[in-house]
1. Find the lysine pairs in the range 189-373 meeting two conditions, Cα atoms under 19 Å apart and a separation of 8 or more places or different chains, and report how many there are.
2. May I ask you to order 41-51, 157-167 by the average number of other C-beta atoms within 10 Å around their residues, highest value first?
3. Treating the beta-carbon of each Lys and Arg as +1 and of each Asp and Glu as -1, no other charges, what is the dipole magnitude of the range 115-264 about its Cα centre, to the nearest 20 debye?
4. Considering the dipole of the chain built from charges on the beta carbon (Lys and Arg +1, Asp and Glu -1) around the Cα centre, which of GLN284, ILE369, GLN122 is farthest to its positive end?
5. Can you tell which of LEU316, GLY30, GLY388 lies farthest toward the positive end of the dipole of the chain, using +1 and -1 charges on the Cβ of basic and acidic side chains (Lys, Arg; Asp, Glu)?
6. Just to confirm my numbers, what's the Cα centroid distance between the range 172-236 and the range 22-68 in Å?
7. Students often check this: by mean Cβ neighbours within 10 Å, which of 341-354, 319-332 ranks highest, and how do the rest follow?
8. Extending each Cα 7 Å along its Cβ direction at THR202 and GLU223, get the distance between those two points in nm, one decimal.
Amino acid sequence: MRKPKIVVLGRMCEEPVAGVVWQVLHYLIGLQRLGFEVYYVEWRGNWLPHPIDAAVDAGWPRVMVGTVLRQYGFEGRWICSAEFMGKGCTFGDLPVTELPRLYREAEAVINLTASHLLDGDQLCCGRRVYLETDPGTPQVRLSAGDARMWDLVRPHTHHFTFGENLYGADCLLPRPDLRYLATRQPVVLDLWQAPAAPHRDTFTTIAKWKKSRGQRVVCLNGETYQWSKDLEFARFVDLPRRTSQRIELALATVPPDDLSRLEQHGWHVADASVVSRSLDEYRQYVHASRGEFTVAKDLNIRTRSGWFSDRSACYLAAGKPVINQDTGFDNILPTGEGLFSFRTIDDILAAFDAINSDYERHSRAALDIAREYFDASRVLGDLLDRIGLSPARTTAPVVADGYRAAL
């Protein structure tokens with residue numbers, strides 16, 4: 001009996017850093033383990049570094065996506081547009097001529113990170129899933145009647161968001177005329193099982209320091225919201241002077257002046273491009289950490305969207321306690337053991353003290369949270385159920401009704 005097919009659309013060839021590739025890979029492997037024949041398609045048309053031949057674009061440290069997909073069993077089932085190299089050029093070993101039939105036969109097309117504007121062939125699939133991993137800006141644009149945003153969203157039959165608190169009473173985001181459903185990052189837990197080797201005494205995170213200027217400001221109801229992590233880290237710049245706990249930030253796109261300021265205040269800074277150039281180095285960095293300390297973005301914090309980081313989910317899966325800035329996720333996820341939310345510097349210090357007073361207990365609690373809330377079979381099983389699909393049976397496409405605040 002042939003397995004039902006699912007197509008995942010993504011952007012990991014265009015952005016071949018480990019965090020992005022891991023995010024996509026958890027969907028591909030998770031769906032494959034649920035009994036689907038899974039295909040990966042990237043058809044955005046932008047320039048991208050060569051995903052197969054490391055000798056091409058050698059000055060760009062990156063994950064070799066082609067190697068990763070072959071390693072995890074997706075050989076023959078992926079394709080990426082390379083139109084910038086010439087008309088009709090592609091990477092991958094799935095023939096472009098097979099795409100129309102693939103979309104017709106697929107049980108679902110999942111537009112991960114809402115990275116693709118669906119085309120005519122993709123519209124032949126009866127279940128077209130919009131999967132928004134960065135809430136906030138989409139809700140603002142849709143509610144303002146942004147035509148381009150509606151053109152992106154409308155062709156889908158189901159709409160999911162990582163903004164799990166979108167329908168919470170304390171969420172300030174507008175609610176567009178969509179049937180939004182909550183979801184979160186799936187994690188294939190056995191891929192993050194921590195080795196027996198001892199970890200360092202350092203809390204870490206991996207982040208992009210600054211977004212481009214054009215992405216940094218969102219206006220809503222007369223308020224201005226920022227979309228960049230550097231401004232949130234700046235609010236807590238004195239943290240290392242208030243604690244003996246060592247903290248290291250693996251950062252990308254950090255200017256020399258900002259780097260100097262961080263180091264002067266006692267922060268340790270690593271190069272995110274080194275950490276993120278391979279899946280193994282990224283995972284080893286997480287495994288070697290005592291836990292994660294990180295911030296969120298202003299738009300998610302003050303609107304209380306409920307967003308939770310896919311990277312933080314991987315720390316939890318590795319048994320690493322997480323201290324993350326409050327976005328309203330504590331309305332959905334348990335906090336106080338293994339996972340802590342904070343608003344003030346005193347909240348951070350209290351979390352460090354709690355974790356360090358009984359590290360093994362908080363490490364076990366972190367893994368328990370990952371098992372209960374982020375396990376790929378649970379998260380993806382729930383998503384499939386809400387689009388009228390399961391590995392054991394296929395039914396006519398349905399449009400999901402209602403909203404569930406937690407999985």
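Every number in this text was worked out from the coordinates using simple rules, so none of it is lab data. On a predicted model such as this, the values are computed, not experimentally measured, just so you know. Ideal geometry is used to build each Cβ from the backbone, glycine not excepted, and the neighbour counts take in all protein chains shown.
1. Details: LYS208/LYS229; LYS208/LYS297; LYS210/LYS229; LYS210/LYS297; LYS211/LYS229; LYS211/LYS297; LYS229/LYS297.
Total qualifying Lys-Lys pairs in the range 189-373 comes to 7.
2. Details: 41-51: 19.0, 157-167: 23.9.
In decreasing order of mean packing, 41-51, 157-167 become 157-167, 41-51.
3. Working: 20 positive and 19 negative charges, 20 e Å.
In debye, rounded to 20, the range 115-264 gives about 100.
4. Sorting the options by dipole projection puts first GLN122.
5. Selected residue: GLY388.
6. The distance from the Cα centre of the range 172-236 to that of the range 22-68 comes to 22 Å.
7. Working: 341-354: 16.4, 319-332: 24.0.
Packing order, densest peptide first, comes out as 319-332, 341-354.
8. Each label point lies 7 Å from its Cα, and together they span 3.6 nm.
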